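Read through the structure below, which is laid out as structure tokens, and then see the notes.
Every number here is computed from the coordinates shown, using simple stated rules; none is lab data. The model shown is predicted, which means the values in this text are computed figures rather than measured ones. Neighbour counts are summed over all protein chains in view; Cβ atoms, including those assigned to glycine, are modelled from backbone coordinates with ideal geometry.
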Amino acid sequence: MRGKARFYDGLTAIRHEVEVRLSEDSTALLISGTTLPAPLRWPLPDLRALRDHGDPAQVVVTRHLEVEDNAPRDPARLLIDDPEMAEWLRRTRPRLWRRDVKQGTGRRIAIRAGVAVGAVLLMLFVILPSMADTLARLLPVEREVAFGRSVTAQMARFLGGETAEQITCTSPDGNEALQRMVDRLTDGADLGYDLNVVVFDNEMVNAFAAPGGQVVIVRGLIDKADSPDMVAAVLAHEIGHVVHRDPTRGALRAAGSVGLLGLMFGDFTGGAAMAFLADRLLNAQYSQEAESQADRFAHAMLRDADLPPGALADMFERFRAMGGDISGPLAHFMSHPRLGTRIDAARAATPDDQPARPSLDAAGWAALRGICRDKG
């Protein structure tokens, strides 16, 4: 097997007209020409074809060498015009078009991937939380309120309404009773926000706070409560999150996560981002310290309103009886293993001489339980 070819050494612009033949032991191509300093021997296993050559009738081969990363590569190229030899190479050298990986590439990829993952985790769990805490303190209240309303509207869509108004309960008597409960809890308190407390018509047993003083009680929670004080206790807990700006920090942290993950994995913008934020807040899992802080705030708020902090323990007990330590919406209130500790803390926070003055009278409680009956 022999044929004509052109050889380029890769160091100069000289084109060498050469003859190529198969060695006697059929293990190499022997390259010779009058303009070459010396004949060349290219072992067949070292041959690699260049994929980006324009003429399909030609085969351009180079020589793959197992060398260290910083060692020079063989820059020479052999352009084979002879159809018979080109066909023979295609037929007998299946490794000719193989893509070779540099020695140590796998290790370098693993190291770089590990560094990248570490950087992402550092951003998600250290830098973004710290930035969210700072931004929450700097964010103007009016911007926070506007953002909270947008997130609440998205939450309403999560719960089955096309708009927040569509699933907001509108019974005048029920809303009047709810406002009396809010006024009882917040009388004389400087919360830093004008609270906007509403009830969404859905059977989910939940309540949540959104940025900017937005608090939503879902009808299912009122249905499962045995007394208005249990609802008031949950409301006080959510007001604690509002005062400490936990929803704002959570939303900013989630927004940063959305942006970072979007850069890595694709589009996390617009409606998808807002949906993600709403889902995170609807199933809020604040830190253990944030939950404990909201509980302590609720204990104090309830005592100041002449209501028993033990009502919060009663509601926690109800959640535990309903599902134990489960995931999902109830996990907002059921943070095992500290649920028992939170129940004990609420019981201990109730003074022995606590006056028995419920948050709503019987008529008010009945109105609140029927708040969604007249929903438009």
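Observations on the structure shown:
- This ranking places S26, S227 by how few other beta-carbon atoms lie within 10 Å of each, fewest first, which gives S26, S227.
- Packing around the peptides 178-185, 32-39, 208-215, 162-169, taken as the average count of other Cβ atoms within 10 Å per residue, puts them in this order, highest first: 208-215, 178-185, 162-169, 32-39.
- Estimated distance in nm for a label pair at D173 and D226, the labels positioned 7 Å out from Cα along Cα-to-Cβ: 2.5
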